[in-house]
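The values are calculated or read from the model by the stated rules, or taken from the named source; none is laboratory data. In this text, all values refer to a predicted model and were calculated from it rather than measured experimentally. Positions of Cβ are backbone-derived with ideal geometry, glycine not excepted, and every protein chain shown enters the neighbour counts. Just the protein is used for accessible areas: all its heavy atoms, side chains included, with ligands, DNA and RNA removed. Shrake-Rupley method; radii C 1.70, N 1.55, O 1.52, S 1.80 Å.
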Amino acid sequence: MLRTVLYKRPTAAGSLTYIVLKYLHVIGATVILGTGAGIAFFMLMAHRTANAEFIARTAGTVVNADVLFTATAVILQPITGYLLVREMGLSLTDVWIAMSLALYCVAGIFWLPVVFIQARMRDLARASASKSEALSAEYHRLFRLWFIFGFPGFGSVMAIIWLMIAKPTF
C-alpha cells in the first residue's frame, strides 16, 4: 500500500537552513525539468524544418544551455538533496530517497550522452549548411537516438519530482 509521510518542520534553530536548502533544491529541480523541456521543444521544432542552418544555430544554443543551466543544476542537486536529508534527519536508504537516487542515475545515464549527441548533431548540421546539402544519414540516426533517450531521461526526472513531493513509503 502506498502511503505518504508528512514531515514536521525542523526546529526553529534549523528552519532557516531547511528553507534555504529546500528553496535551492526546488529551484534546481525546476531548472533541470524546465531546461530539459525547453531544449527538447526547440530541438524538435528546429529538426522539423529540415533547415540545416537553422538546426545548427538552434543546436548551438541548446548545447550552451545544457552546459550552462542543466549541468550546473545537475551538479548542485545532489548536494542540496544530501544536505536536506541531513537537516531533516532522514536516511539515504529511506525508500523514496533511494528510489530518487536510482532514478537520478538513470536520468544521468541518458542525459550525458545526449549532450554529446546534441553537439555532434550541431556539427553535422553546420557541415551540411556550409555545403548547402541536406542533413546526413548520421544526423538523422543521432536525432532518433536523441529522441529515444529523452523519454527515460525526462521520465526519470518527472518521477523524481513526484517522489520529492509525495515522499511515499511502501
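Restricting to DSSP H runs of at least four residues, report the calculated mean residue ellipticity at 222 nm for the chain, -39500 (n - 2.57) per run over all residues, nearest 500 deg cm²/dmol.
Helices in the chain give a 222 nm mean residue ellipticity of -28500 deg cm²/dmol.
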What GluC sites (Glu not before Pro) in the range 73-170 are in a loop by DSSP, with at most 12 other Cβ atoms within 10 Å of the Cβ?
133
Full-extension gain in nm, residue 54 to residue 140, via 0.36 nm per residue minus C-alpha separation
29.4 nm
Express in nm, to one decimal, how much length is gained between residue 115 and residue 94 on full extension, taking 0.36 nm for each residue of separation and deducting their alpha carbon distance.
4.4 nm
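Whole number in Å², please: accessible area per residue of the chain, 1.4 Å probe, ligands, DNA and RNA not counted. Could you put the intermediate results ahead of the total?
Values: 10100 Å² over 170 residues.
Per residue, the chain has an accessible area of 59 Å².
Hey, could you get me the Stokes-Einstein D for the chain, Kirkwood radius over alpha-carbon pairs, 25 °C and 0.890 mPa s, rounded to whole µm² s⁻¹?
140
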If you look at just the Cα atoms of the range 96-170, how large are its Rg and its Dmax in Å?
16.9, 58
Over the chain, what relative contact order in percent results from Cα pairs under 8 Å that are six or more residues apart?
36
With the full set of protein chains in place, find how many percent of the accessible area of the range 53-130 is carbon and sulfur; take the probe as 1.4 Å.
73
